[in-house]
Amino acid sequence: MKIKLQKEVLKHFREIFIQAKSELKDNVKKTGLSGSQLWIMQQIYNFNGISNSELAKNLTLHVSTCSILVNKLIKKGLVEKTRSQTDERKIVLTISSKGSYSLYCSKVL
């Protein structure tokens with residue numbers, strides 16, 4: 001009985017994984033963005049006004065790696081860097097209107 005249940009759980013896990021992989025492939029095709037870029041943009045959207053170091057911590061990335069990925073999104077016009085309204089010393093990341101449209105098209109939002 002226990003082995004049968006384990007096989008059933010594994011079967012469902014495979015189905016979920018295949019579906020997620022298929023959806024990611026479709027999103028990459030629709031937007032021209034990689035899975036990691038979509039992931040970063042979703043996090044920036046969810047935590048509007050997040051700093052690069054906070055974003056790196058949330059994504060468990062090194063700050064410099066996160067910065068490189070974010071800068072590519074900035075060059076594409078999908079993410080913007082601005083000064084925080086509450087603390088002008090702090091630089092925060094926000095999604096541009098073009099970036100919001102890309103997230104909408106990918107059905108991430």
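The values are calculated or read from the model by the stated rules, or taken from the named source; none is laboratory data. What you see is a predicted model, and the numbers here were worked out from it, not measured in a lab. Don't worry about glycine lacking a Cβ; one is built from the backbone with ideal geometry, like all the others, and counts go over all protein chains shown. What goes into the accessible areas is simple: the full protein's heavy atoms, side chains included, and nothing from ligands, DNA or RNA. Shrake-Rupley method; radii C 1.70, N 1.55, O 1.52, S 1.80 Å.
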Q | Test set (1) more than 22 Å from residue 26 (Cα to Cα); (2) out of contact with any Cys (no Cβ under 9 Å at 6 or more places or on another chain); (3) of a type outside the set (Asp, Glu) - residue 98 fails condition number | A | (1)
Q) Can you tell me which residues in region 63-73 are open to solvent by 50 Å² or more (accessible area, probe 1.4 Å) and hydrophobic (A, V, I, L, M, F, W, C)? A) 63, 68
Q | Top-ranked residue in region 14-38 [being modelled with pLDDT of 85 or more and surrounded by 15 or more Cβ atoms within 10 Å (Cβ to Cβ); ranked as nearest to the chain's Cα centre (by Cα)] | A | 38
Q | In region 74-109, the residues that are open to solvent by less than 20 Å² (accessible area, probe 1.4 Å) and out of contact with any Leu (no Cβ under 7 Å at 6 or more places or on another chain) | A | 78, 84, 92
Q) Does residue 69 fit the bill of being farther than 20 Å from residue 97 by Cα, without any contact (Cβ under 8 Å) to a residue 60 or more places away in the chain and under 11 Å from the mean Cα position of the chain (by Cα)? A) no
Q: Of the numbered conditions (1) touching a residue at least 60 places away in the same chain (Cβ under 8 Å); (2) touching a strand residue (DSSP E or B) at 6+ places or on another chain (Cβ under 7 Å); (3) open to solvent by 60 Å² or more (accessible area, probe 1.4 Å), residue 41 fails exactly one; give the number of that condition.
A: (3)
Q: Test residue 33 against the criterion of being free of Cβ contacts under 8 Å to residues at least 12 places away in the same chain and among the hydrophobic types (A, V, I, L, M, F, W, C), and give yes or no.
A: no
(Q) If I filter region 43-66 for residues that are over 24 Å from residue 87 (Cα atoms) and of a type in the set (Phe, Trp, Tyr), do I get at least one hit? (A) no
Q) What are the residues in region 46-62 that are modelled with pLDDT of 95 or more, open to solvent by 70 Å² or more (accessible area, probe 1.4 Å) and either within 16 Å of residue 95 (Cα to Cα) or of a type in the set (A, V, I, L, M) (or both), if any? A) 54
Q.
Would you confirm, using the coordinates I've provided, whether residue 82 is polar (S, T, N, Q), modelled with pLDDT of 85 or more and on the phi > 0 side of the Ramachandran plot?
A. no
